[in-house]
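Below is one structure, written out as structure tokens; comments come after it.
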Amino acid sequence: MSADGQGRRHWFDDEAGPVVRPYAMTRGRTSSQGQHRLDLIAVVVTEPHADDPEADHMLAPEHVDIVELCRDAPQSVAELAAELDLPIGVVRVLVGDLVDAEFVHVNRPVPPAELPDESILRDVINGLRAL
Amino acid sequence: MIFGRSERGKPPVEPVTLKILVAGGFGVGKTTLVGAVSEIRPLRTEELLTEAGRPVDDTSGVEGKHTTTVAMDFGRITLREDLVLYLFGTPGQERFWFMWDELSEGALGAVVLADTRRLEDSFAAVDYFERRSIPFLVGVNCFEGAPRYPVEDVRQALDLDDGVPLMMCDARDRESVKEALIGVVQHAMAYAADRRQTVTT
Ligand SMILES: Nc1nc2c(ncn2[C@@H]2O[C@H](COP(=O)(O)OP(=O)(O)O)[C@@H](O)[C@H]2O)c(=O)[nH]1
Ligand SMILES: [Mg+2]
């Protein structure tokens, strides 16, 4: 981001405010990095050995937040975006970095068409009934 | 999530996740429906868009592009420790339909909400899911003061295929929303069974 304010007109508004830093950080990289885009319900799980992400100076505070959030309870990409108040595109890039650095792994959702049998759907129905 | 790491250092459960979409025109009750069953208050996530209405995928030079954001609500229902259902309210405006493409990929199915005072607002959603062979159910949200029509008339007005379930619902009522969601999953099961038949015969 240029310091003189050029090109900021559509960027530095109230809505976009908080995303400036992370986007500046992720600038120059695409969210896909040749792999499939992370689904909104893909689940991010912190690796057990990632116990001190803050010691890694390559990581931004937002990276560390993700590692910590997903340690106790794995979280979906959508939940991370809402929790950290970051656009989904930014979360995808950050998670991609963390996967590359082996701090986290990602479980991609199984498309319903590829479910091995109907038992999961039956479980969903029973679960909804029991709510 | 409500399931914390156990004291003994057991690894956390990695749940299977599924999603159901909630579609329909502005003010039809999508956010209300999500809120009625979600265990978390409906959350909003944002996607950054270029002016052309495409998601900002390549973050290079994003500051020079005209950007805007689109928000969508979502909710979560933990059915079991290892099974989580997410609900996503689709953004209303048609210019955000690329978001629908992303949301509907891998979706179990959808609820299309309809308001009898302006059924035409639901045409686009019905059309969308039909074209993509995504199983969906129509929930007629019964607003006070809205005229009640026989189910058959609503079906006809929406030009629904015979196989598409239609039910009256109240997006504010948890039980009613549960019924609608169960209806979607049952329909998705029947749909999958049908497709298997077509493949094997
Ligand atoms: N009477 C009645 N009002 C509803 C119902 N569902 C939603 N509403 C109201 O309709 C308004 C719009 O609902 P909202 O969920 O924000 O619609 P959205 O734009 O589709 O997300 C809110 O004031 C709701 O309280 C319903 O089933 N019955
Ligand atoms: Mg809404």
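The values are calculated or read from the model by the stated rules, or taken from the named source; none is laboratory data. These numbers come from a predicted model, not from an experiment. For neighbour counting, all protein chains shown are included, and Cβ atoms are generated from backbone atoms with ideal geometry for every residue, glycine included. Note: areas computed on protein heavy atoms with side chains; ligands, DNA, RNA excluded. Shrake-Rupley method; radii C 1.70, N 1.55, O 1.52, S 1.80 Å.
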Compare A:HIS63, A:HIS105 by solvent-accessible area with a 1.4 Å probe and give them largest first, with all protein chains kept in place.
-> A:HIS105, A:HIS63
Restricting attention to the range A:30-131, which GluC sites (Glu not before Pro) occupy a DSSP loop and are surrounded by at most 16 other Cβ atoms within 10 Å?
-> A:GLU102, A:GLU118
Listed by chain and number, the residues whose amide H is under 5 Å from that of B:ASP73, excluding neighbours fewer than 5 places away on the same chain and using placed H, are B:GLY89
Report B:ILE40's accessible area, 1.4 Å probe, all protein chains in place, as a number in Å² to the nearest 10.
-> 40 Å²
Residues with amide H under 5 Å from that of A:VAL104, placed H, sequence gap 5 or more = A:GLU47, A:VAL99
Using θ = phi - 60° and the Karplus relation 6.51 cos²θ - 1.76 cosθ + 1.60, list the HN-Hα couplings for the range B:166-180 in order, rounded to whole Hz, with x at every Gly or Pro.
-> 9, 9, 7, 8, 10, 5, 8, 9, 4, 5, 5, 5, 4, 4, 5
Using the beta-carbon distance between B:MET167 and A:GLU68 and R0 = 51 Å, what value does 1/(1 + (r/R0)^6) give for FRET efficiency, to the nearest 0.05?
-> 0.75
Carbon and sulfur together cover what percent of the accessible area of the range B:144-201 at a 1.4 Å probe radius?
-> 50 percent
Please check which bits of the range A:75-89 a label hung off A:ALA60 would reach, taking the label as a point 7 Å along Cα-to-C-beta and the cut-off as backbone N under 19 Å.
-> A:77-89
Note: B vs A interface, total accessible area buried (1.4 Å probe; ligands, DNA, RNA excluded), nearest 100 Å², is 4900 Å²
Kirkwood Rh over Cα pairs of the range B:105-184 into Stokes-Einstein at 10 °C, 1.306 mPa s: D in µm²/s?
-> 124 µm²/s
